[in-house]
Amino acid sequence: MRSRADRQRQGKESERRRQGRGGLAPDPAQAAEYERAAADKGFAPSQQHLGELYLHGEGVRPDAAEAFQWFRKAAAQGLAGPALARFVVWDGPGAPVITDGPFPESKELLAGYRLVDVETAERAIEIAARASAAPGPDGVPIRQPIGVRQVLSAPGPGV
């Protein structure tokens, strides 16, 4: 089985081909092939994208039932698992420290959470870094590790 990084690369290549970036002419059919390869291996963002392609008939024949199948597979995965989480710690100056993990050094319990709707993972990390650097006693940054995970959504009401 391919690694998550390989599946992500397939998803990114699909996006590049769909939008015609990097000197390529837009090719929705080829984009759908890359998306399907990653989706078949369980990569939830590609499952979601493939559902959208079937729903709108981009690079594939329109098929609402097929779209729904891919949306369900993506939504069933819900919040990205702890193994895909990244933890962000920052004290204000310099760059934030980002750790991939299931957990930092110990088994930690999720005691609360916040959802932020952002366009990129980098923006979510930037927000987490600022929260980590919030002032504590005497104005000293608290350096609280903040977990960042992707949330996958269910299909819209039109499906």
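The values are calculated or read from the model by the stated rules, or taken from the named source; none is laboratory data. As the structure is a computational prediction, the values presented were derived from the model and not from experiment. Quick reminder, even Gly has a Cβ in these numbers, built from the backbone with ideal geometry, and neighbours come from all protein chains shown.
I need the full set of residues from segment 127-147 which are part of a strand (DSSP E or B) and modelled with pLDDT under 85, in order please.
Initial filter on segment 127-147 (part of a strand (DSSP E or B)): 135, 141, 146-147.
I146, G147, listed by residue number.
Taking segment 114-126 as the range and being surrounded by fewer than 10 Cβ atoms within 10 Å (Cβ to Cβ) and either hydrophobic (A, V, I, L, M, F, W, C) or modelled with pLDDT under 80 (or both) as the test, the residues that pass are R114, L115.
Can you report the number of residues in segment 33-70 which are over 22 Å from Q150 (Cβ atoms) and in a helix (DSSP H, G or I)?
Here is the first cut: in segment 33-70, the ones over 22 Å from Q150 (Cβ atoms) are 33, 56-66.
Restricting the remaining residues to those that are in a helix (DSSP H, G or I) gives 33, 56, 64-66.
Total meeting the criteria: 5.
Scanning segment 86-95 turns up one or more residues that are at pLDDT below 80 and either surrounded by 14 or more Cβ atoms within 10 Å (Cβ to Cβ) or more than 17 Å from the chain's Cα centre (by Cα) (or both).
Can you tell which of A37, A32, A44 is modelled with pLDDT under 85 and under 19 Å from the mean Cα position of the chain (by Cα)?
Going through A37, A32, A44 in turn, the sole match is A44.
Among all residues of segment 55-66, there is none that is of a type outside the set (A, V, I, L, M), closer than 21 Å to R123 by Cα, exposed (fewer than 14 other Cβ atoms within 10 Å of the Cβ) and at pLDDT 70 or above.
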